[in-house]
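Colleague: Structure incoming, see below.
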Amino acid sequence: MYKKKGPEMDCVRVSNSQCKGIVARLLATTGSIAAAACLLLAAPAALAYPAFNGHADLQVDAYGRYFEVSGGLFPTGTTPNGDNASGGTLRYLSDAPYWGLPMDAWQKDDWYATNSGIALTLKNGSTTVYDNNGLDNGTFPTGFYTYDVGNPAGTAGAVVGYSMPNNYDFIYAGYFQLTAATTITQLEGYFVYSGDPNDALTGPFDPNNPAFRYDMNIWSNVANDLLPVDTGGFTGDVFSSLATPGSFSWADTGYDRTGSSSAQNIYRLTYTLNTPLTLQAGTYWFSHDARVVPEPGSLALLGLGLGLLALRRRPQAEA
């Protein structure tokens, strides 16, 4: 198990050619955090994200930052992979001018050839029917989640993707392919959490904070390209936990992600469906996220105070 902790040099994409992806620096914030635990959260039966509005719903740092973990296994072949020269397997979507990036349509992002996509495990009962990461059974490539400046491609699991659709309004989605019709009862994504409110990557993020609700989405693929279908918002057209009844739970996998300047536990986020779902053979895109549940009045005032202190960050990070 990977439990290495300790400070290292920060990796900044602007100036370090070994760092790939969107260029912006991630800086830490401070705050308070509670002890980790496993909780259950029921999802409502028929909701969707609001349509894009062209600005960030929130820009606050008090809750920390939620980052998706990538996978390093290729159950359906190594083409495409995270390198856009192969077609690419990581895409981002933003509705906030803050990032200085194209908005309101899926964009291609260039990671490493060893990134298979956003880490995803699909299960039918106790049987795993899709796995691009190996985090449930420890079969991921040796050292994949421990950043090595001399071997960034071999340790590309240290790269994580920001995913908060109503706080700086930005998410990542990852490619996956099913070769036959597949029935699922559980979806698993993975995120990072350290419990340190001064963590250089996540800040005071706490998965048990009642200010968060979690969501998972699946999009179909655009014909003749490798892009998720645009839906006018952050809701998937194939599947959304907002519209499909089930419950969330989360727990530590026992493995760690060690970046260039910080380390975190890798947590599993599980959505258990009330009713099995069958996905047809095809190409899909998967994302999970943490959304801040607005609190009338107090959250707006918090945003006013922290907005003046916001520091530019990068949605793809190796901190």
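Colleague: What residue, among those in the stretch 171-200 that are more than 18 Å from residue 268 (Cβ to Cβ) and within 14 Å of the chain's Cα centre (by Cα), is surrounded by the most Cβ atoms within 10 Å (Cβ to Cβ)? Quick ask: steps written out before the conclusion?
Modeller: Within the stretch 171-200, the first condition is being more than 18 Å from residue 268 (Cβ to Cβ), and the residues that meet it are 171, 173, 175, 177-183, 196-200.
In the following step, the residues that additionally are within 14 Å of the chain's Cα centre (by Cα) were identified as 171, 173, 175.
Details: 171: 26, 173: 29, 175: 27.
Among them, the one singled out is 173.
Colleague: A further question on this structure: Which one is modelled with the lowest pLDDT, of the residues in the stretch 262-319 that are under 30 Å from residue 148 (Cβ atoms) and either surrounded by fewer than 17 Cβ atoms within 10 Å (Cβ to Cβ) or in contact with a helix residue (DSSP H, G or I) (Cβ under 8 Å, 6 or more places away or on another chain) (or both)?
Modeller: 311
Colleague: Restrict the check to the stretch 139-148 and report whether at least one residue is within 21 Å of residue 241 (Cα to Cα) and surrounded by fewer than 24 Cβ atoms within 10 Å (Cβ to Cβ). Reasoning before the result, please.
Modeller: Within the stretch 139-148, the first condition is being within 21 Å of residue 241 (Cα to Cα), and the residues that meet it are none.
Within the stretch 139-148 (the criterion being within 21 Å of residue 241 (Cα to Cα) and surrounded by fewer than 24 Cβ atoms within 10 Å (Cβ to Cβ)), the answer is no, since none of the residues qualifies.
Colleague: State all residues of the stretch 116-132 that are part of a loop (DSSP other than H, G, I, E, B), out of contact with any Asp or Glu (no Cβ under 9 Å at 6 or more places or on another chain) and closer than 18 Å to residue 283 by Cβ; if no residue qualifies, say none.
Modeller: Correct list: 116, 132.
Colleague: Still on this structure, please answer the following. Given 57, 95, 104, which one is under 19 Å from the mean Cα position of the chain (by Cα), buried (at least 22 other Cβ atoms within 10 Å of the Cβ), under 30 Å from residue 247 (Cα atoms) and not basic (Lys, Arg)?
Modeller: Working: 57 fails: buried (at least 22 other Cβ atoms within 10 Å of the Cβ); 104 fails: buried (at least 22 other Cβ atoms within 10 Å of the Cβ).
Every option except 95 fails the conditions.
Colleague: Which residue, of 235, 185, 253, is of a type in the set (S, T, N, Q), in contact with an Asp or Glu (Cβ under 9 Å, 6 or more places away or on another chain) and outside any loop (DSSP other than H, G, I, E, B)? Break it down stepwise before answering.
Modeller: Details: 235 fails: outside any loop (DSSP other than H, G, I, E, B); 185 fails: in contact with an Asp or Glu (Cβ under 9 Å, 6 or more places away or on another chain).
It is 253.
Colleague: Name the one entry in 124, 151, 115 that is within 26 Å of residue 186 (Cα to Cα) and either without any contact (Cβ under 8 Å) to a residue 60 or more places away in the chain or surrounded by 22 or more Cβ atoms within 10 Å (Cβ to Cβ) (or both). Explain how you work it out, then say what you get.
Modeller: Details: 124 fails: either without any contact (Cβ under 8 Å) to a residue 60 or more places away in the chain or surrounded by 22 or more Cβ atoms within 10 Å (Cβ to Cβ) (or both); 151 fails: within 26 Å of residue 186 (Cα to Cα).
Result: 115 is the single residue among 124, 151, 115 that is within 26 Å of residue 186 (Cα to Cα) and either without any contact (Cβ under 8 Å) to a residue 60 or more places away in the chain or surrounded by 22 or more Cβ atoms within 10 Å (Cβ to Cβ) (or both).
Colleague: Within the stretch 137-157, is even one residue among the hydrophobic types (A, V, I, L, M, F, W, C), under 17 Å from the mean Cα position of the chain (by Cα) and within 30 Å of residue 51 (Cα to Cα)?
Modeller: Within the stretch 137-157 (the criterion being among the hydrophobic types (A, V, I, L, M, F, W, C), under 17 Å from the mean Cα position of the chain (by Cα) and within 30 Å of residue 51 (Cα to Cα)), the answer is no, since none of the residues qualifies.
Colleague: Sticking with this one: Mind checking which pairs have a first residue in the stretch 243-261 that is under 18 Å from residue 188 (Cβ atoms) and a second that is modelled with pLDDT of 95 or more and part of a loop (DSSP other than H, G, I, E, B), Cβ under 7 Å, 6 or more apart or different chains?
Modeller: Final answer for the pair search is 250/207; 253/135; 255/135; 255/145; 256/145; 257/145.
Colleague: Between residues in the stretch 194-205 that are touching a residue at least 40 places away in the same chain (Cβ under 8 Å) and residues that are assigned to a loop (DSSP other than H, G, I, E, B) and basic (Lys, Arg), which pairs lie under 8 Å by C-beta distance while being six or more apart or on different chains?
Modeller: From residues that are touching a residue at least 40 places away in the same chain (Cβ under 8 Å), the pairs are 201/65; 202/65; 203/65; 205/65.
The values are calculated or read from the model by the stated rules, or taken from the named source; none is laboratory data. Everything numeric here is computed off the predicted structure, so don't read it as measured data. No Cβ is skipped: glycine too gets one built from the backbone with ideal geometry, and neighbour counts run over all protein chains shown.
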